[in-house]
There are 4 protein chains.
Amino acid sequence: MSFDQNAHGVYAIAATPFHSDGRLDLASVDTMTDFYLRCGVSGLTILGIMGEAPKLDPDESMAVVKGVIGRAGAIPVIVGVSAPGFAAMRALARSSMDAGAAGVMIAPPSHLRTDDQIVTYYRQAVEAIGSDVPFVIQDYPLLLSVVMPPKVIRQIIMDHPSCRMLKHEDWPGLEKISALRGFEKDGSMRRTPILCGNGGLFLDFEMDRGADGAMTGYCFPDMLVDVVRLARAGERDKAHDLFDAHLPLVRYEQQQGVGLAVRKYVLMKRGAIASDAQRKPGSALTAQARAEVDYLLQRLARHDPRAAF
Amino acid sequence: MSFDQNAHGVYAIAATPFHSDGRLDLASVDTMTDFYLRCGVSGLTILGIMGEAPKLDPDESMAVVKGVIGRAGAIPVIVGVSAPGFAAMRALARSSMDAGAAGVMIAPPSHLRTDDQIVTYYRQAVEAIGSDVPFVIQDYPLLLSVVMPPKVIRQIIMDHPSCRMLKHEDWPGLEKISALRGFEKDGSMRRTPILCGNGGLFLDFEMDRGADGAMTGYCFPDMLVDVVRLARAGERDKAHDLFDAHLPLVRYEQQQGVGLAVRKYVLMKRGAIASDAQRKPGSALTAQARAEVDYLLQRLARHDPRAAF
Amino acid sequence: MSFDQNAHGVYAIAATPFHSDGRLDLASVDTMTDFYLRCGVSGLTILGIMGEAPKLDPDESMAVVKGVIGRAGAIPVIVGVSAPGFAAMRALARSSMDAGAAGVMIAPPSHLRTDDQIVTYYRQAVEAIGSDVPFVIQDYPLLLSVVMPPKVIRQIIMDHPSCRMLKHEDWPGLEKISALRGFEKDGSMRRTPILCGNGGLFLDFEMDRGADGAMTGYCFPDMLVDVVRLARAGERDKAHDLFDAHLPLVRYEQQQGVGLAVRKYVLMKRGAIASDAQRKPGSALTAQARAEVDYLLQRLARHDPRAAF
Amino acid sequence: MSFDQNAHGVYAIAATPFHSDGRLDLASVDTMTDFYLRCGVSGLTILGIMGEAPKLDPDESMAVVKGVIGRAGAIPVIVGVSAPGFAAMRALARSSMDAGAAGVMIAPPSHLRTDDQIVTYYRQAVEAIGSDVPFVIQDYPLLLSVVMPPKVIRQIIMDHPSCRMLKHEDWPGLEKISALRGFEKDGSMRRTPILCGNGGLFLDFEMDRGADGAMTGYCFPDMLVDVVRLARAGERDKAHDLFDAHLPLVRYEQQQGVGLAVRKYVLMKRGAIASDAQRKPGSALTAQARAEVDYLLQRLARHDPRAAF
């Protein structure tokens, strides 16, 4: 389970646990990390842009980094270091690596438009963090409105030996996976692991297209692990069967804003974290939404006993 | 089945059929309309912004309007008239009403930002088309990046007696339905039908929240009709069971760009239209995507015989 | 004064005149065209995206096209044909050419992002309008949020012999002019006229960088004509002197929304059009804004007698 | 010269000086602060979003804060604290106040859309930084794409006694100033100082509309000081005469991206900072752009001896 060109499986995007009064909950950082390990993940990603990382001050960010890495043992930990400026990016990247991170993840800032602007940005980012720091490209047009065509991703990968992975989060994105795998086949791009995001909403077919796994935060990482394992073992129907049973909840959790509340609520029910509180400003589930999630879990439990509470 | 304050059920967003050489296929307009009627829809919506309406010239648009209305019989037909300017909006609205349309649908242009700008826009639009033309508000922030809070929707509805329906397409949007139903309960807004879009991806819970049905183009409108009927009859579990069986395909069809190709491919397989061709510029399914849809249909056919070919 | 690779001078972006009740004012189309000719323009551009073209219905658009062309004599007339779909673009382009237009102008739609998407869009547009129709690229990132790097513009020019001109409206854009002139020098791009927009706000230095003139709608086209003439004659200081005298008004007119009201107000004062009315929805000058424009004109009249009323 | 409801004059947006190797240049922080004081500014604003603040790490940010405050004496210093999250905003706000800042400035994040979202955001921000910290609203739609109608600004001002000033940077924005002054006249809003940004491009008329001064970074703050003084003294023509002489350079400096390079180049020529270097990623003036600025300065020197070098 190493973070290299053979990486595969599931890198869980870890939640950030808070007490109900808004303080960082470091005890839950431990239990949550243990939970992910029990789920069979191959790696962990922390301080992602979709979560609550921007709500942390620098000291808190490092407390989370150290907490997770200290608990995760041999499992590689990736730290999201996207930042408005390179000084902050460099500071977080270097201190994370010093603390034992396996690498960092970098998303392009929203103002980038042209192919050359994107390629240049990653060159500057690598200069900032150092070419010795392994990094993951995060390709997430729906949120960031930066569109990276396959050839731009290829160029970044070929320009930088320290680029070790793609977090694929385009939507629609199946043809992009096929295009990148095609580049590997025709020899124009070196083998690079592709883990998929988007809450797992297309993981079933992403695996069919040649993805190596998932990097996302769905509240049943163990399901993601199973689907990736089944798909890699050629058990296509079984992979889809399990995936389809979870899809109603995957879909419900994928709502922007509300989704994080759903995720934390289920993680709390599963014992991973003590409270589903979000630090302000945060969304909370209404009573009706909570009842809807409970209903989804009940229905899911008929197919997957892990959803029975 | 009238387009008034008691409207409910499914208004199918109709596809625009073309021959493989790009010519408008008016024969398929007939067969497609017949297909929707067989599916049990309560209404039809044509020339929607997500479809291929902008590819039509004005004469072709009117040919589609007249073709569908002439074939639809007593079923109300709504015509999408969103346009960059009010002259074109008015021209299409008046000629559609003259041709027998039940009403028109208007989406806000992407540059609107503030509450007052949105309210003003709808006032100007009503002045342009005439206060005698019934209209539907299309609320679609994901595509249009115009955010309409519940109180803005309420104001438009209360300002204009000719506002007859909301096409609800916010995402996430469940709480918005609850908020609008709350306005009706507290007497601050008159009863207004809410039909939901977003490809049907949340229809199961939208019905639970009090929606009156769906207005979307999913390739199995008959499933939408059944889900709406079951939900309105209080058969919640059965509604979810049927919905969940379709969800993998609903989700696949909901990919922007690719989705329309999927929809037309299945409509062709079901005999609704002669060709799944899109007029240029259009997307086409790759062989692999086509095989994925076939696989989804096979899996669906185990639960719903209408998917067996 | 022909629309070919030696084109230069000023192509005025013509206003669209309305009566105060909103009807199209065709008599003012005549007087306005005469006014532009008296100003010494080398060409006219009509139905531009920043003006009121989207408020016209198709018949009105053609009435403007025919009115201007019929009056303009030997002066080339360019028609803006940017449209949400290619059917409407083709229809307007073909009927404009039939009516005697010299060419058309095409802006990229706002959703384009990558280099390839932009190049592909222009290929499809040329297929739609026909490769026999001369066209102008409109490059206007501030409004359209589509960024076209110099090499993308070069590719469009080299792919399409019918591409005859660039309307340069990037901001900042001086280095882009230098880059494109560099391509011509190194032989990688054929000679292509560059006319500059942005209300003329940088025309002084755009000429210094090698632009061939202006394509914009400033209410003193005769000043633009003089500046272009002086700059081409090597009278740099004189060009800047005249430009600087107008800059306070150029700047005032360049405010989005308000700008068009200023422009029409001055065109009315100069006798070019009968009324400064805008068709709804339009902005109107407040009394204070009107007084500010009058004050600017008074100050300008000290340097340029054409501003004295 | 206090930062209260009678505040007026010019608050210079301070540049961030770097050595040519990218290190922070604290000696130039001193000389630059001295320069601004000599120019007659009434206040200083540091760490603005348009400058190079995001390139600083937290320690460097505080070094700039302390450097400027220590040197500025009795002049109030405002610190820009806009941040992706409230933890970072609070940390910078509190430590800046502890270091002697007079207040902070907060811009709305780009994702805000509705009136209520904007009002809520400022409420949360005030909760985060503390209601004892005076703050400035930064209203900058062109860059941030958040549109704040006058009534939203009024509500923020009336909700929060700690709101002490508006940085007005809307475009077009003259009518907004009139609307806000109207609120003060009709008693619905308490008197609040309005300082204008946008590089000063409309300062002449903004003063005519009732603005209290400027908050911007133009390389001749002494001109801004003079224009504000003349306008407040009722010397309208003189204010416009001086402003117009500078307008060609104001306009040139207002180009996004390039503008900062121009500003630093002139500040260097004027002895305010030792180097015009930008920390990476930064733009640099080409030789031709530098020559253009020199040409503008020469022309300006005919009217304003401060531009003679």
Say the dipole of region A:9-232 comes from +1 at the beta carbon of Lys and Arg and -1 at that of Asp and Glu; which of A:Val152, A:Ala91, A:His111 then lies farthest toward its positive end? A:Val152
Would you list, by chain and number, the lysines whose Cα falls below 21 Å from the Cα of D:Lys167, excluding same-chain residues fewer than 8 positions away? D:Lys151, D:Lys176, D:Lys185
Between B and C, buried accessible area summed over both sides at probe 1.4 Å, in Å² to the nearest 100? 1000
Would you mind computing, in nm to one decimal, how far apart the modelled labels at C:His111 and A:Lys269 are, each placed 7 Å from Cα along Cα→Cβ? 3.7
Within the set D:Gly73, D:Gly103, D:Gly199, GNM on chain D using Cα springs under 10 Å gives the largest fluctuation to D:Gly73
Using every alpha carbon pair in the protein assembly as shown, what percent of pairs falls into each 20 Å bin from 0 up to the bin containing the largest distance? 10, 38, 40, 12, 0
Relative contact order for region D:9-232: what is it in percent, counting Cα pairs under 8 Å that are at least 6 residues apart? 21
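Against the empirical 2.2 N^0.38 Å scaling, what ratio does the C-alpha Rg of region B:156-309 come to?
Rg over 2.2 N^0.38 Å, computed on Cα atoms: 1.16.
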Taking a point 7 Å out from Cα toward Cβ as the label site, list the nm distances between B:Thr120 and the same residue in every other copy, smallest first. 2.5, 3.8, 3.8
Hey, any idea what % of region A:9-232's accessible area is carbon plus sulfur with a 1.4 Å probe? 52
Listing of region A:246-264 residues, each with accessible area lower by at least 10 Å² in the full protein assembly than in the chain alone (probe 1.4 Å): A:Leu247, A:Pro248, A:Arg251, A:Tyr252, A:Gln254, A:Gln255, A:Gln256, A:Val258
With viscosity set to 0.890 mPa s and temperature to 25 °C, compute the Stokes-Einstein D of chain A, Rh being the Kirkwood radius across alpha carbon pairs; µm²/s, no decimals. 126
Output the residues of region A:203-228 meeting this criterion: accessible area (heavy atoms, 1.4 Å probe) in the chain alone minus accessible area with all protein chains in place is 20 Å² or greater. A:Phe205, A:Arg209
Using protein chains only and a probe of 1.4 angstrom, how many square angstrom of A:Asp132 are accessible, to the nearest 10? 100
Identify all lysines with a Cα-Cα distance to A:Lys55 below 22 Å; exclude those on the same chain that are fewer than 8 residues away in sequence. A:Lys66, A:Lys264, A:Lys280, D:Lys55
MRE, 222 nm, helices only [DSSP H, n ≥ 4, -39500 (n - 2.57), over chain C, to nearest 500]: -14500 deg cm²/dmol
Largest first and to the nearest Å, give the Cα extent of region D:1-43 along each principal axis. 42, 17, 11
Sorted from shortest, what are the nm distances separating the label point of A:Ala287 from equivalent points in the other copies, each placed 7 Å from Cα along Cα to C-beta? 5.7, 5.8, 7.6
Per the Cauchy relation, a quarter of the hull surface: what is the mean projected area of the convex hull of the alpha carbons in region D:69-128, in nm²? 4.4
Per-residue ³J(HN,Hα) for region A:259-268, Karplus 6.51 cos²θ - 1.76 cosθ + 1.60, θ = phi - 60°, Hz, x for Gly and Pro: x, 5, 5, 4, 4, 5, 4, 6, 4, 5
What FRET efficiency comes out for the pair C:Ala287/C:Ser145, r = Cβ-Cβ distance, R0 = 35 Å, nearest 0.05? 0.50
Under the convention of a label 7 Å out along Cα→Cβ, give the distances in nm from C:Gly187 to the same position in every other copy, shortest first. 3.2, 8.1, 8.5
List the residues of region A:119-153 whose accessible area drops by at least 40 Å² when all protein chains are present, compared with their chain alone, using a 1.4 Å probe and counting only protein heavy atoms. A:Val147
Cα convex hull of region A:205-251 - mean projected area over all directions, nm²: 3.0
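Taking the Cα centre of chain A as origin, work out the dipole magnitude from +1 charges on Lys and Arg Cβ and -1 charges on Asp and Glu Cβ, in debye rounded to 20.
I would put it at about 100 debye.
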Probe 1.4 Å, protein heavy atoms only - accessible area per residue of region D:143-229 in square angstrom: 26
What residue of chain B sits with its beta carbon nearest the rotation axis taking B to A, and at what distance in whole Å? B:Leu247, 3
Using a ≥ b ≥ c from the Cα gyration tensor of region A:2-94 (square roots of the eigenvalues), is it rounded, prolate or oblate, where a/c under 1.5 gives rounded and otherwise the larger of a/b and b/c decides, a/b for prolate? oblate
One computes Rg over Rh for region B:55-192 from alpha-carbon atoms, with the Kirkwood Rh, and obtains 0.97
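The values are calculated or read from the model by the stated rules, or taken from the named source; none is laboratory data. All values reported here derive from a predicted model rather than from experimental measurement. Reconstructed Cβ throughout: ideal geometry from the backbone, glycine too, with neighbour counts over all protein chains shown. Heads up: the accessible areas ignore ligands, DNA and RNA and are worked out on the full protein's heavy atoms, side chains in. Shrake-Rupley method; radii C 1.70, N 1.55, O 1.52, S 1.80 Å.
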